[in-house]
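The values are calculated or read from the model by the stated rules, or taken from the named source; none is laboratory data. Just so you know, these numbers come straight off a predicted model, no measurement behind them. Glycine also receives a Cβ, built like all others from the backbone with ideal geometry; neighbour counts cover every protein chain displayed. Accessible surface is based on the protein model in full, side chains and every heavy atom, while ligands, DNA and RNA are left aside. Shrake-Rupley method; radii C 1.70, N 1.55, O 1.52, S 1.80 Å.
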Amino acid sequence: MDNEAIHPKNPPGLRGNVVDYLMELRMPPAQAARPYLVCPDVTYSFGDVYRRACQVGHMLRAHGIQAGDRVMFIVPDGLDFVSLFLGAMKIGAVALPLNTFLLASDYAYYVRDSGAKALVVGPDLVGRIDTIRQADDFPELLFATGAPAPGYADFKAAVDPMPQELATHACDAQDAAFWLYSSGSTGSPKGVVHTHAHIYWATELFGLGNVGLNADDHILCPPKMFFAYGLGNQVYFPLRAGASIVVDADPIKPKAVLDHMLAQRPTAMMAVPTLFAGILELMRGLEPAQIAQACSRLRVCISGGELLPPALYRKWLEVTGKEILDGVGTTELTHMFMINRPGAVVPGSCGQIVQGYEGICLDENGAPLPVGEIGNLFVRGPSAAQQYWNKPEKTAATMWDGGVLTGDKCYQDAQGNFFYVGRMDDMLRVGGVWVSPTEIESVLAEHPGVLECAVIGAPDEHEMIKPKAYVVLRQGFSGDAHLQEGIRHFLRERLAHIKCPRWIEFCAELPKTATGKIQRFRLRAQSVTKD
């Protein structure tokens, strides 16, 4: 496929800055008045969001932010998030949203690696940022949303007086628009550089072209806006389509999502398998009429982040009468590039490649493999990133020829369906987030009782993958429940909760190769046999 000929770098539907593309259909008064962000206590229209984005852009520019500068923000889902994302890009700066559930040490790395010129943090983040903001490389422009905080400029007070109209900075479609950080199995997290054109193509090919989002849609997407999955489904897809979204800034809980389904009756729902499983458990306590009410307008359910177990797909279909379309996306490819099709779902598969993309299974030498053979998935498409910030070697190993080596092991059947079989680098997909076993192992090894350890992914009662740790103890330590709890406490103080092992199993030794390398595949097989 001649990707440049089919999807030019400067597409005719994008004049340059993607903010104009996203908002142009929402500017007429009747459109501007329509609801977009449906929050628990207030609803913001498209016009509200646009005006606030203009104010944010003015404020950033007044404080010296220029085109190409990184504007980092760690804020909950809602008006502040969307206006920062749009406002930064509107003045040609680079929007850089971060996960709100990380540790202070994680944020210190991101600030240092990105060279961000401004940082905006939510009220719950102030305590964590306080522990790192005295570093020499910390941004001088530091704002707090919500309640004022000592040492932070008041974001609301800085933005409120600004004009509500702002001319968009003219730029090339290939200029950087936003970054997202992607973790790897080795080394430090990587800043994935995305352009204005990437947002355009992801919207046109997947959000509008594949899912068919439109102005009649009301979207429920619990995965947060700082994820690539949530960013597309909640921010740039609905802005272009004119759809409204249900906003919940609180941590994701199945009960809250089910309550939203009952109250809001969404037309589109995007979640991860773990959440679909949790909602199903709660639906056992509902009357059939209540389930029918929750799903009465639901035209599409999409699952991403980890493989959807066939049993979960079948149970959801049985209880709700709705299909779940399982799909695959990566931070490096902006959003989803592969998904099952309505009425043609193949349970256990990742579906087929989205029109406009090309998926190829490669052998270890980079040569294409025939149908049916397991290989390394390489995906080419117009939303594929071609740069990790400041990591040329990793860029060269992962991104070339308009595509990305996704790190997934897959095979394709004769009908064009792709099947995921594992990760090239043993990464774990937990709750839609990539988790590195080596990171967990390095922290676990710091415990005084741990001699050796290995972490694998193991299925829980819903067939969702969670971290499982195998531990060889030092002499003098007893592998009992008391020590297990002590190790869990040790890890919780040092790792984000999603990275903490669900199970800790003590063993006499770990399986290894002749050269001393731990054979994790034997641990995985052992875990399956025991279960």
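What is the sum of charges, Lys and Arg at +1 and Asp and Glu at -1, for the other residues whose Cβ falls under 12 Å from the Cβ of residue 502? Residues close to residue 502 contribute a combined charge of +1.
Considering only 325, 82, 361, the residue lying farthest towards the positive end of the dipole of the chain is 325, judged by Cα position with unit charges set on Cβ. Farthest towards the positive end of the charge dipole of the chain, among the residues 200, 230, 58, is the Cα of 230, using unit charges on the Cβ of Lys, Arg, Asp and Glu. Grouping the Cα pair distances of segment 93-151 into 10 Å bins from zero gives a pair-distance distribution of 21, 64, 15 percent in increasing distance order. Carbon-plus-sulfur accessible fraction, the chain (probe radius 1.4 Å, protein heavy atoms only): 52%. Taking the Cα centre of segment 60-154 as origin and assigning +1 to Lys and Arg Cβ atoms and -1 to Asp and Glu Cβ atoms, the resulting dipole is close to 240 debye. Between residue 101 and residue 265, what length comes free when the chain is fully extended (0.36 nm per residue of separation minus the Cα-Cα distance, one decimal in nm)? Taking 0.36 nm per residue and subtracting the Cα distance, the gain is 56.2 nm. If a spin label sat at a point 7 angstrom from the Cα of residue 41 along the line to its beta carbon, the backbone N atoms of segment 57-86 nearer than 16 Å would be those of 76-80. The simple spin-label model puts a point 7 Å past each Cα toward its Cβ; for residue 289 and residue 344 those points are separated by 4.0 nm.
Measuring against 27 Å, Cα to Cα, the residue pairs 190/315; 224/255; 156/253; 90/409; 117/190 contain 190/315; 156/253; 90/409 as the ones spanning a longer distance.
Extension gain, residue 33 to residue 130, is 31.0 nm, computed as 0.36 nm per intervening residue step minus the present C-alpha separation. Its Cα centre serving as origin, the chain has a Cβ charge dipole (Lys and Arg +1, Asp and Glu -1) of approximately 360 debye. Projecting the Cα positions of 392, 263, 469 onto the charge dipole of the chain (unit charges on Cβ atoms of Lys, Arg, Asp and Glu, taken about the Cα centre) puts 263 furthest along the positive direction. For residue 265, the shell of other residues with beta-carbons less than 14 Å away shows a net charge of 0, using +1 for Lys and Arg and -1 for Asp and Glu. Add +1 for every Lys or Arg and -1 for every Asp or Glu among the other residues with Cβ under 13 Å from the Cβ of residue 310, and state the total. Within the 13 Å Cβ shell, the charges total -2. Enclosing the Cα atoms of segment 227-351 in their convex hull gives a volume equal to 106 cubic angstrom per residue. Only one of the values [x] 30; [y] 33; [z] 52 was calculated from this structure for percent of Cα pairs over 36 Å apart; name its label. Checking each listed value against the structure points to [y].
Using C-alpha pairs below 8 Å separated by at least 6 residues, the relative contact order for segment 240-294 is 46 percent.
Taking Cα centre as origin and charging only the Cβ of basic (Lys, Arg, +1) and acidic (Asp, Glu, -1) residues, the dipole magnitude of segment 279-350 rounds to 240 debye.
For a paramagnetic label modelled on residue 109 (point 7 Å from Cα along Cα→Cβ), amide N atoms under 13 Å away belong, within segment 436-457, to 436-443.
Give, to the nearest whole percent, the P(r) tail of segment 8-161 beyond 23 angstrom, counting all Cα pairs.
Roughly 38 percent, rounded to a whole number.
Relative contact order, whole percent, for the chain stands at 11, derived from Cα pairs under 8 Å and 6 or more residues apart. Counting 0.36 nm for each residue step from residue 138 to residue 508 and taking away their Cα separation leaves a gain of 128.6 nm. Per residue, the solvent-accessible area of the chain (1.4 Å probe, heavy atoms of protein chains only, all protein chains present) comes to 41 Å². The value of relative contact order for segment 337-395, using C-alpha pairs under 8 Å at least six residues apart, is 24 percent.
Semi-axis lengths, largest first, of the ellipsoid equivalent to segment 209-268 are 19, 14, 8 Å, with √(5λ) applied to each eigenvalue of the Cα gyration tensor.
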